[in-house]
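Peer 1: Please find one structure pasted underneath; my questions will follow.
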Amino acid sequence: MDIDAYVAANRERWDRLAALSAQPKLTQAEADELLDLYERTATHLSVVRSSNADPQLVSYLSWLISRARARAATQGRRTTPSNAFVEFFASTFPAALYRQRRWWLSTMALNLGLAVVMGWWFLAHPGFEAAAIDAESVQRLVGHDFENYYSEYAASSFALKVWTNNAWVAAQSIAFGILGLPVLWVLWQNVFNLAFTGSVMIHHGRGALFFGLITPHGLLELTAVFVAAGVGLRLFWAWIEPGPRSRLDAVGAEARTGVGVALGLVVVLFLSGVLEAFVTPSPLPTWARILIGVLAEAAFFAYVFIVGARAARQGVSGDVTGQQSVATAPTAA
């Protein structure tokens with residue numbers, strides 16, 4: 001890392017933090033700014049330390065953070081649950097999605113590609129279908145079971161059932177990400193079921209029905225599953241290859257980010273559950289139901305690559321408590 005360029009890029013923030021720390025009185029906006037700069041500077045100190053930079057720079061940043069901490073203790077920031085909720089969904093969650101985008105987008109591309117290849121293979125080898133499922137079950141599936149699945153329960157209870165199931169799958173993908181293999185198993189189950197069911201429906205002339213029912217909610221639902229799996233695999237990789245950080249610090253930071261992503265995905269999966277319960281089985285034309293699903297997926301990507309990218313450029317890491325934990329480090333300096 002070019003430490004001179006890093007100092008030049010952040011010097012203005014450090015000077016502003018020093019000026020705010022020296023002010024005897026702060027407005028509420030200035031107090032908020034003080035704490036924001038304090039948290040960012042604590043992160044800067046961690047980066048500088050990991051790069052074995054000039055000890056004088058480390059000492060200066062440690063002194064600056066200690067001074068800002070003392071000043072913040074007398075003022076603080078008014079944080080209400082509503083403010084924390086808005087901040088999480090306006091910056092923390094989308095920033096985490098954006099910063100982890102390479103992991104979940106790669107997971108999505110590989111799994112969808114594998115599903116297409118597997119589906120093609122199943123269609124090219126009908127003997128596999130005959131060995132895996134009996135003719136009576138096939139007739140039930142293509143005749144009514146697949147279609148009735150989305151309408152056999154009351155919409156509200158079905159939405160709750162789908163939501164809790166998918167949220168649990170996503171949470172498991174992140175929680176067991178440190179082990180690696182459980183995430184791959186969850187992905188395999190999803191890809192196999194998607195490819196096999198799709199191939200059976202297409203083989204028996206029900207492909208249009210399959211895609212007409214799976215697309216409205218499936219785009220957003222599968223994206224959420226791939227996000228959870230990608231974040232889980234990133235946690236596993238932090239354990240394997242922590243980079244310049246210690247293994248404990250790397251795993252801790254990724255785990256905290258994973259917790260935030262899991263919480264955010266609860267809302268995303270709730271929305272996909274609503275689509276599955278109320279839009280997928282609705283009497284709307286197929287093109288209209290698919291359009292709604294496509295628009296929901298587009299809104300998610302806009303959320304990540306517009307809102308998330310902006311938050312990331314502003315220095316939001318997506319680590320739900322990482323800034324506070326880093327900020328406690330300079331005490332011993």
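Peer 1: When VAL227 is evaluated against the numbered criteria (1) aliphatic (A, V, I, L, M); (2) open to solvent by 10 Å² or more (accessible area, probe 1.4 Å); (3) closer than 14 Å to ARG102 by Cβ, which criterion, by number, is the only one it fails?
Peer 2: It fails just one condition, (2).
Peer 1: Follow-up. Kindly indicate whether any position in region 23-36 is under 26 Å from SER246 (Cβ atoms), more than 31 Å from the chain's Cα centre (by Cα) and open to solvent by 20 Å² or more (accessible area, probe 1.4 Å).
Peer 2: No, there is no match, as no residue in region 23-36 is under 26 Å from SER246 (Cβ atoms), more than 31 Å from the chain's Cα centre (by Cα) and open to solvent by 20 Å² or more (accessible area, probe 1.4 Å).
Peer 1: State all residues of region 184-195 that are open to solvent by 70 Å² or more (accessible area, probe 1.4 Å) and over 21 Å from the mean Cα position of the chain (by Cα); if no residue qualifies, say none.
Peer 2: If the condition is that a residue be open to solvent by 70 Å² or more (accessible area, probe 1.4 Å) and over 21 Å from the mean Cα position of the chain (by Cα), then ASN193 is the only one that fits.
Peer 1: Applying the selection to region 141-150, what residues are surrounded by 14 or more Cβ atoms within 10 Å (Cβ to Cβ) and out of contact with any Asp or Glu (no Cβ under 9 Å at 6 or more places or on another chain)?
Peer 2: LEU141, VAL142, PHE146, GLU147, TYR149
Peer 1: What number of residues within region 196-209 satisfy the criterion of being surrounded by fewer than 21 Cβ atoms within 10 Å (Cβ to Cβ) and part of a helix (DSSP H, G or I)?
Peer 2: 7
Peer 1: Name the residues in region 125-140 that are assigned to a helix (DSSP H, G or I) and either open to solvent by less than 20 Å² (accessible area, probe 1.4 Å) or aliphatic (A, V, I, L, M) (or both), would you? Steps first, answer last, please.
Peer 2: Our first condition is that a residue be assigned to a helix (DSSP H, G or I); within region 125-140, this holds for 126-132, 135-140.
Correct list: ALA130, ALA131, ALA132, ALA135, VAL138.
Peer 1: In region 104-124, what count of residues is obtained for those that are more than 17 Å from the chain's Cα centre (by Cα) and either loosely packed, with under 14 Cβ neighbours inside 10 Å or of a type in the set (A, V, I, L, M, F, W, C) (or both)?
Peer 2: Of the residues in that region, 13 qualify.
Peer 1: For ALA5, state whether it is touching a Gly at 6+ places or on another chain (Cβ under 8 Å) and open to solvent by less than 60 Å² (accessible area, probe 1.4 Å).
Peer 2: Considered against the rule, which asks whether it is touching a Gly at 6+ places or on another chain (Cβ under 8 Å) and open to solvent by less than 60 Å² (accessible area, probe 1.4 Å), ALA5 comes out as no.
Peer 1: Which one of these is small (Gly, Ala, Ser) and open to solvent by less than 10 Å² (accessible area, probe 1.4 Å): GLY264, GLY243?
Peer 2: Of the residues listed, the single one that is small (Gly, Ala, Ser) and open to solvent by less than 10 Å² (accessible area, probe 1.4 Å) is GLY264.
Peer 1: Look at region 118-155 and say how many of its residues are out of contact with any helix residue (DSSP H, G or I) (no Cβ under 8 Å at 6 or more places or on another chain) and of a type in the set (A, V, I, L, M).
Peer 2: Matching residues across region 118-155 total 5.
Peer 1: Another question about this same structure. Got a sec? Which of ARG256, ARG310 is modelled with pLDDT under 90 and either in a helix (DSSP H, G or I) or more than 20 Å from the chain's Cα centre (by Cα) (or both)?
Peer 2: Details: ARG310 fails: modelled with pLDDT under 90.
Going through ARG256, ARG310 in turn, the sole match is ARG256.
Peer 1: Give the residues of region 59-114 that are within 27 Å of TRP14 (Cα to Cα), at pLDDT 80 or above and in contact with a Leu (Cβ under 7 Å, 6 or more places away or on another chain), sorted by residue number.
Peer 2: Of everything in region 59-114, those that are within 27 Å of TRP14 (Cα to Cα), at pLDDT 80 or above and in contact with a Leu (Cβ under 7 Å, 6 or more places away or on another chain) turn out to be LEU61, SER62, LEU64, ILE65, ALA68.
Peer 1: Hey, another quick one. Could you please find all residues in region 162-183 being surrounded by 15 or more Cβ atoms within 10 Å (Cβ to Cβ) and not β-branched (Val, Ile, Thr)?
Peer 2: Scanning region 162-183 gives TRP163, ASN166, ALA167, ALA170, ALA171, GLN172, SER173, ALA175, PHE176, GLY177, GLY180, PRO182.
The values are calculated or read from the model by the stated rules, or taken from the named source; none is laboratory data. This structure is a prediction, so every number in the text was calculated from the model and none was measured. Here the Cβ is made from the backbone with ideal geometry for all residues, glycine too, and neighbour counts use every protein chain on show. What goes into the accessible areas is simple: the full protein's heavy atoms, side chains included, and nothing from ligands, DNA or RNA. Shrake-Rupley method; radii C 1.70, N 1.55, O 1.52, S 1.80 Å.
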